[in-house]
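Below is one structure, written out as structure tokens, with a few remarks after it.
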Amino acid sequence: MTKSEVLKQLAEELELTQTETEDLYDSFVDGLTVLLSNGKGFTLPGLGSFKSEVREEHKSYNPHYEQMMLIPKKRVVHYSQSSTLRDQINEGEDE
């Protein structure tokens, strides 16, 4: 599903214009991005939790050049799904 499809569906459900919906969506995403960039996590009930961590620099093998290389330190986002979501997407697979 693309962003425009998501915005169209949200606009219909919320009875807003697509421009208003896009502004709301962008504000929501920007707020969550600021939280993660500041090293804080957040939880979306029914979906899961997101947290930001620093991955230290480490060595890794590059098969193209057949040599070890140093991967620099960087911030990464980790996602853990909620048990509610896990149960819903796995519903009916036990059959």
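Accessible surface of Leu85 in the full protein assembly, 1.4 angstrom probe, to the nearest 10 Å²? Accessible area of Leu85: about 40 Å². With log10 I(q)/I(0) by the Debye sum over Cα atoms at q = 0.10, 0.19, 0.20 Å⁻¹ defined as stated, name the option among [x] -0.24, -0.87, -0.96; [y] -0.44, -1.10, -1.15; [z] -0.50, -1.02, -1.04 computed from the structure displayed. Only one option fits the structure, namely [z].
How large a share of the accessible area of the chain, in percent, is made up of carbon and sulfur atoms when the probe is 1.4 Å and the other protein chains stay in place? Looking at the chain in its full context, I get 51 percent from C and S.
Nearest 10 degrees is fine. How inclined is helix 3-14 to the longest principal axis of the chain, computing both from alpha carbons? Orientation of helix 3-14: about 30 degrees from the principal axis. In nm, to one decimal, how far is the modelled label at Val34 from the one at Ser83, with both set 7 Å along Cα→Cβ? The two pseudo-label positions are separated by 3.4 nm. Over the chain, what relative contact order in percent results from Cα pairs under 8 Å that are six or more residues apart? Relative contact order here is 20 percent. Helix 18-37 versus the longest principal axis of the chain: what is the Cα-based angle in degrees, 0 to 90, to the nearest 10? Once rounded, one gets 30 degrees.
The values are calculated or read from the model by the stated rules, or taken from the named source; none is laboratory data. Values in this document were obtained by computation on a predicted structure and should not be read as measured data. Positions of Cβ are backbone-derived with ideal geometry, glycine not excepted, and every protein chain shown enters the neighbour counts. Accessible surface areas use protein heavy atoms only, side chains included; no ligands, DNA or RNA. Shrake-Rupley method; radii C 1.70, N 1.55, O 1.52, S 1.80 Å.
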